[in-house]
Amino acid sequence: MIVLGIETTCDETSCAIVKDGCEILSNVISSQIDLHAEYGGVVPELSCRRHIDVLIPVLQQALDEAKMPLSMVDLIAVAHGPGLIGALLIGITAAKTLALTLNKPFIGVNHVEAHLYAALMSQSAAITFPCLGVVLSGGHTAIVMMNEIGNYTLIGQTVDDAIGEAFDKVAKLLGLPYPGGPQIETLAQKGDKTRFTFKAGRVKGHPLDFSFSGLKTAVLYTLKGQNSESSFPLNIIEQDKADVSAAFQATAFNDVIDKILYASEKYGCSNVVFGGGVTNNKELRRLLRAKVPQLQTFWPSFGLSLDNAAMIAGLGYHCYNKKKQGDSLDLEAATRIPFQRPIV
Ligand code: KG4
Ligand code: ZN
C-alpha cells in the first residue's frame, strides 16, 4: 500500500511517500527555522503563510523523488493534531482535497504517536509489546506504556514546559539562536557540568511526571542573580554559557533517565522506544547507554527524530489497517490530543 503522508503541525512542512508502513520512498522536509529565528520562537501566523507557500512544491518533490504519480497513492494520511490550529488546518485541508479529488481514503493521525512510530519504522520486527514509549519533543514530554501500535496508556507527562521547550527557553536566556536544543548540545560539549547545581522539579504524588519550569527559572537566576534588577546581556563569557548549558542538559537528561528506570522497574519493561526532536541529542543517547545499559533502546533513525511526514504516512498505514477504513472528511484539527491515564 502506497501512503502519502502530510505534516504541517508546527514549523516544518513535509510530504512523504511510504510503502507498507515502513519503506520510505521519499521524505521531503521544508524547515521554517530561517523564518522564525529572528523572533526566537515559532510565530504562528508566519508559519501558516509559509505552509501555504511551500506545501504544493514539497508534495511535488516527494512524488518526484519517489518516482510516482499521484494516481498511484492508495491512502492519504495527515497529522490532524496536536499542533498549531492554523498550521494543522492547512495540512488537513490539503489532505481532504486530495482524497476527494483522487477518490482515495483519508486518515488523520496523532503527531505525537507518530514520533514514537518513527523509531519502529526501521526495526518493527525486533520490538515486542508491551514496551515503554518516551516522547521528548518541543511540545510534548511523556512516558507511555505502548500496548501495541495505536494503543497507549499514559504513565507520566510534563505538568508545565516540554523538555524541548525548556531547551529552547534556556538557549534564549543564553542569547543563543532558535531552535535552542542543538545549540545547547554543542555548547555543553565545552562546558563543566559540575560547576552549577540545578534540580529538575518533582510532582507530588506523581513520581513519573515531569516539571521543567523550575529548572528554567534556576538558570535564569544563575545568569541574572536572584531578585537582581540587572538587565541582559550580562557580563557572562562563553565559558559561563558552556558550563550553564552542560549543567542544564545533564540535569534534564538525568531526570528523564531516572524516570525511565523507575517506570521500567515498576512495569517490568526493559524495551524503550524513543521519539521527538530532543532524541537527536547524542549526549542523551550516550548517557542512557552508560547509566542504564540493561535497557534495550529503540531510537528514530537519522532524519526521523524531528518533524517529518514519513512517520505520519507510516502510522497512517497501521491506523487504516486497524480500522479497515479511512476517516470521515468531517475529521477536524485537534490542537490537543491527550493520552489517556489508566482508570484506577
Ligand atoms: O519533535 P520536534 O521536531 O517538534 C515537536 O513536535 O515539538 O522537536 C523540536 C524540539 C525543539 O525544542 C528543539 O530545540 C529540540 O527538539 N531539539 C533538541 C535537539 N535537536 C532538536 N534538543 C536537544 N538536543 C538536540 N540535539
Ligand atoms: Zn513533533
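The values are calculated or read from the model by the stated rules, or taken from the named source; none is laboratory data. Quantities reported herein were computed from a predicted structural model and do not represent experimental measurements. A quick note on method: Cβ atoms are made from the backbone with ideal geometry, for glycine too, and the neighbour counts reach across all protein chains shown. Each accessible area value is taken on the protein alone, full model and side chains, heavy atoms only, with ligands, DNA and RNA left out. Shrake-Rupley method; radii C 1.70, N 1.55, O 1.52, S 1.80 Å.
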Are any residues in the range 153-190 more than 14 Å from ligand 1 (Cβ to nearest atom), in a loop (DSSP other than H, G, I, E, B) and within 18 Å of ASP255 (Cβ to Cβ), and if so, which ones? VAL159, ASP160
List every residue pair whose Cβ atoms sit under 8 Å apart, with the two residues 6 or more apart in sequence or on different chains, where the first one lies in the range 43-71 and is closer than 12 Å to SER30 by Cα and the second, anywhere, is open to solvent by less than 90 Å² (accessible area, probe 1.4 Å) and acidic (Asp, Glu). SER47/ASP11
Go through the range 149-170 and count every residue that is touching a Ser or Thr at 6+ places or on another chain (Cβ under 8 Å) and small (Gly, Ala, Ser). 3
Check the range 153-169 and report whether any residue there is away from ligand 2 (no atom under 16 Å from the Cβ), over 30 Å from VAL109 (Cα atoms), in contact (Cβ under 8 Å) with a residue 40 or more places away in the chain and open to solvent by less than 50 Å² (accessible area, probe 1.4 Å). no
